[in-house]
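The values are calculated or read from the model by the stated rules, or taken from the named source; none is laboratory data. If you're wondering where the values come from, they're calculated on a predicted model, not measured in any experiment. When we count neighbours, we look across all protein chains shown, and the Cβ atoms used for this are built from the backbone with ideal geometry, even at glycine. Only protein heavy atoms, including side chains, enter the accessible area calculation; ligands, DNA and RNA are left aside. Shrake-Rupley method; radii C 1.70, N 1.55, O 1.52, S 1.80 Å.
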Amino acid sequence: MTYDAARESEQLRLNNDAINAFLGRFGNKNLPPAQRRTVFLFPGGMGSELRRATTVYDDGDPGQQFEFEPIWLTWETLLDNLSFDLEMTKLADGVYRDKDDRIIVAVGPVDLAGVTPYSGFTVWCDLRNIDWFILGCDWRRRAADSQAFFLNDFLPHLLTRVPNPANSPNPLGRIYLVGHSAGGMVVNSILRSGHPSVATFEKFITVGTPFYGYGGQLHRWTEGDPWLNGPGDIFRPKIIRVLSTFPGCYEWHYADEATFNADSALLANDGRFSINTYPSLDDSSSQPADPYHPVTQFGGLFRRYPPAFLTGFDEAELSAAGNVVSSLAAALPNALAAKFFNIRGVGTQDDTVSSVRWKFMTPPYVQLARPCLLQEPIIDDPMMAPGDGVQPAWTARLASLPTNQTTPVNLASFEHMFMMNDGAVLNRLGALIP
Amino acid sequence: MTESPKHEELMSREEALGLVRKWQSEIKRMKSVERGKYIEEKLAALGPDAQRLARRILNDLLKPPQKT
């Protein structure tokens, strides 16, 4: 058994408790098949719980099973540098392994001090007799990995867990896929997968999902994360190095210039959410600074991203991710487009970063060190835009979809991470899941 | 119907980051066996504010501070 096969097998096994609970809820409802609806929710980036094996994977030992302990997100992750152990290693064949070959799997949503981003959503589903399952995604990995896991591994596995299937209603009858934030990129990827199951799903719904990227990730390549950087940002270089090993995070940038330009007329004709210029500009020249086609100056000394030898930034992964983002923003065939819906949240104030300006990093790249005495290379545009506080409304829809499929909703607050609990979002979901 | 957490349900970013940085700093000086107990005690002392802190952290993970 390969490392990836072992990891997926363990991820299925660790989902069994949640599957049993799902099937229990499903079985307890006395509803005719026509009234049954099942929603699979894909959490946003960093919104899934990750667990790490306590022992090392052994290539020569098929059929291993492991004990696991939470690694994301716990207080120890934040306070005791557990985040260092999220680091990944890319092998020569492009396959990723987890640090020290200790498998990491995703199981359900994050839960910190009893707070989860989806508690209101599940209560809402229960009140409406909707069956629900929250499928944790390893947000460090590419969206396509979660897509393949769901279609090829999870769904067949779930069916094998149905007790007495000949006499039970099919839990995979009317299926709705809902993706929050980066989880919507997984839903989008499933829609475009060409898998035979896609035709059987009712609707594909994204909530606060970027289609043309957002500016937040660009900061992390040079600034790390303020919650993980430690006192006085002492661990900032290490956190940057760890984050640079996550292939999934390379998919969160503003879309490349050609992709943006292909939809620029639609993006510029979006009422108060219109955007007229490319959202990533060079700070000096105000010319586009395409995150997926980074230029350098002076023989590579002046750079957009840190040199690989300093942080492990992976330009091959960046290039591959650019193609993914471009493909996820492409217009859909009519049959698929008719099933696709984007909910974009709009807060009460225009308070969402909508574009960035970029300075070149220059030798000796002291921007990466702490304390950083220079201005950071990524500068947010002070002109805020309508949005959910993280995703501007202009990016949270596939521009080529009909406008009645990309309705904005007015949020009660600006909390992107908790928007799946917002009454306006749930009302819109209720209209889409009749 | 459930509403989103209001701002007052979130600890302020400054207060939350200050707490986290202070605890990170103190934990660094402890032996590993003492750290779990230290975290438990700090969270217990926070009481209901532990949830306000958790909401702030979860909320801000996807929302780097604006650098203008």
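Results, tabulated for the structure shown:
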item: Residues being under 25 Å from A:GLY216 (Cβ atoms), more than 7 Å from chain B (Cβ to nearest Cβ) and not in a helix (DSSP H, G or I) - total across region A:411-433; result: 1
item: Single residue of A:PHE302, A:PHE273 found to be among the hydrophobic types (A, V, I, L, M, F, W, C), within 30 Å of A:LEU426 (Cβ to Cβ) and either open to solvent by less than 70 Å² (accessible area, probe 1.4 Å) or modelled with pLDDT of 95 or more (or both); result: A:PHE273
item: Residues that are of a type in the set (A, V, I, L, M) and open to solvent by 10 Å² or more (accessible area, probe 1.4 Å), drawn from region A:203-233; result: A:LEU228
item: Odd one out for A:ALA92 among (1) within 30 Å of A:GLY215 (Cβ to Cβ); (2) at pLDDT below 95; result: (1)
item: Helices (runs of 4 or more DSSP H) completely within region A:1-90 that count 2 or more residues being touching a residue at least 60 places away in the same chain (Cβ under 8 Å) and surrounded by fewer than 19 Cβ atoms within 10 Å (Cβ to Cβ); result: A:3-14, A:16-28
item: Identity of the residue in region A:114-128, buried (at least 19 other Cβ atoms within 10 Å of the Cβ) and not in a helix (DSSP H, G or I), that ends up nearest to the other protein chains (Cβ to nearest Cβ); result: A:VAL115
item: Subset of region B:27-43 (residues that are part of a helix (DSSP H, G or I) and either at pLDDT 95 or above or charged (D, E, K, R) (or both)); result: B:LYS28, B:GLU34, B:ARG35, B:LYS37, B:GLU40, B:GLU41, B:LYS42
item: Scan of region A:367-396 for residues that are modelled with pLDDT of 90 or more, more than 8 Å from every other protein chain (Cβ to nearest Cβ) and either touching a His at 6+ places or on another chain (Cβ under 7 Å) or not in a loop (DSSP other than H, G, I, E, B) (or both), ordered by number; result: A:ALA385, A:GLY387, A:ASP388, A:GLN391, A:PRO392
item: Residue list for region A:154-178, filter: open to solvent by less than 10 Å² (accessible area, probe 1.4 Å) and not in a loop (DSSP other than H, G, I, E, B); result: A:PHE154, A:LEU158, A:ILE175, A:TYR176, A:LEU177, A:VAL178
item: Some residue of region A:254-267 being of a type in the set (S, T, N, Q), over 21 Å from A:GLU87 (Cβ atoms) and open to solvent by less than 40 Å² (accessible area, probe 1.4 Å); result: yes
item: A:ALA199 open to solvent by 30 Å² or more (accessible area, probe 1.4 Å), farther than 30 Å from A:GLY347 by Cα and of a type in the set (Gly, Ala, Ser); result: yes
item: Condition met for A:TRP139 (closer than 27 Å to B:GLN24 by Cβ and within 15 Å of the chain's Cα centre (by Cα)); result: yes
